[in-house]
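The values are calculated or read from the model by the stated rules, or taken from the named source; none is laboratory data. The shown structure was predicted, so the numbers you read here are calculated from the model rather than taken from an experiment. Here the Cβ is made from the backbone with ideal geometry for all residues, glycine too, and neighbour counts use every protein chain on show. We work out accessible area using only protein heavy atoms, side chains counted, and drop any ligands, DNA or RNA first. Shrake-Rupley method; radii C 1.70, N 1.55, O 1.52, S 1.80 Å.
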Amino acid sequence: MTRLTEVLAAARAENRAALVGYLPAGYPSAEGSAEAARAMVDGGCDVIEIGLPYSDPQMDGPVIQRAVEHALANGVNTHHVIDNARAVAETGAAALVMTYWNPVERYGVDRFAEELAAAGGAGVITPDLIPDEAADWIAATDKHGLDRIFLVAPSSTDARLKLTTDVCGGFVYAASTMGITGTRTSVGNRAAELVARTREVTELPICVGLGVSNAAQAAEIAAYADGVIVGSAFVRALLDAPTPEAGVEAVRALAAELAEGVRAGR
């Protein structure tokens with residue numbers, strides 16, 4: 001049982017959805033992102049996704065891209081990402097890495113899994129990797145005891161949902177909308193439909209991401225999902241802050257607001 005599994009089970013025992021927050025490593029600095037992630041845990045996040053900055057992001061919206069470009073320009077790399085995951089794990093929250101596949105392949109598939117597990121990481125989200133092409137990754141995560149989290153989308157067929165969830169661990173990532181990340185004024189009902197379809201093929205928890213920005217949206221999703229994933233809203237809070245210190249307080253406050261939302265949804 002990974003820390004992620006434990007955290008999700010604890011949230012379920014409290015009859016609430018888990019709050020999952022995302023930040024890319026390296027904004028405003030490698031240590032600054034670690035400090036912000038710790039503040040998000042203080043505010044109420046159960047799980048933190050540390051984003052691995054990548055120069056060719058297919059799913060990242062403009063807010064996350066700004067932070068990622070800053071991190072890359074300042075030399076942030078995979079070692080910093082693993083250090084950030086360690087900082088999160090030390091808080092007791094579940095530490096995940098969210099990364100495109102190419103950086104993992106370049107770093108070394110087994111090496112990446114081994115080093116993340118040694119740092120206390122619980123799992124990895126790979127948005128552009130499909131199970132059909134993940135044999136090496138499945139072997140490495142099995143070997144090192146990491147949860148591997150694949151994405152499902154409204155366009156996924158029932159057969160694809162089954163194939164994907166059969167090799168997931170920890171939770172299934174349900175992308176509530178098609179396209180790039182970013183906060184939205186409404187989440188829409190496609191997410192609820194996707195969660196219902198996914199529940200028919202797996203008993204794993206299902207967490208919904210792409211678009212949540214406030215407590216009301218978090219409560220809406222928490223009514224039917226096991227976890228609410230928030231990314232761009234946290235990154236925007238850091239980007240908009242006048243100082244790094246103010247950014248830390250902003251993400252702490254946003255986490256507290258969203259934590260109230262996930263509790264209000266049940």
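Structural remarks
- Just one of the listed residues (Val81, Val41, Val109) is of a type in the set (A, V, I, L, M) and touching a Leu at 6+ places or on another chain (Cβ under 6 Å), namely Val81.
- Residue within the stretch 208-226 that is in contact with a Cys (Cβ under 7 Å, 6 or more places away or on another chain), on the phi < 0 side of the Ramachandran plot, crowded, with 21+ Cβ neighbours inside 10 Å and in contact (Cβ under 8 Å) with a residue 24 or more places away in the chain present: yes
- In this entry, Glu31 passes the filter for residues that are surrounded by fewer than 17 Cβ atoms within 10 Å (Cβ to Cβ), closer than 24 Å to Ala256 by Cβ and either free of Cβ contacts under 8 Å to residues at least 12 places away in the same chain or among the basic types (Lys, Arg) (or both).
- Scan of the stretch 141-153 for residues that are touching a strand residue (DSSP E or B) at 6+ places or on another chain (Cβ under 8 Å) and of a type outside the set (Ser, Thr, Tyr), ordered by number: Leu146, Asp147, Arg148, Ile149, Phe150, Leu151, Val152, Ala153
- If only residues of the stretch 1-26 that are open to solvent by 50 Å² or more (accessible area, probe 1.4 Å) and of a type in the set (Lys, Arg) are counted, the one that is nearest to Asp142 (Cα to Cα) is Arg3.
- Residues within the stretch 245-266 that are in contact with a helix residue (DSSP H, G or I) (Cβ under 6 Å, 6 or more places away or on another chain), modelled with pLDDT under 95 and open to solvent by 60 Å² or more (accessible area, probe 1.4 Å), tallied: 1
- Residue selected from the stretch 227-243 under the condition without any contact (Cβ under 8 Å) to a residue 24 or more places away in the chain and in a helix (DSSP H, G or I), by the criterion most open to solvent (accessible area, probe 1.4 Å): Asp240
- Yes/no for Arg199 being among the basic types (Lys, Arg), surrounded by fewer than 22 Cβ atoms within 10 Å (Cβ to Cβ) and in contact with a strand residue (DSSP E or B) (Cβ under 7 Å, 6 or more places away or on another chain): yes
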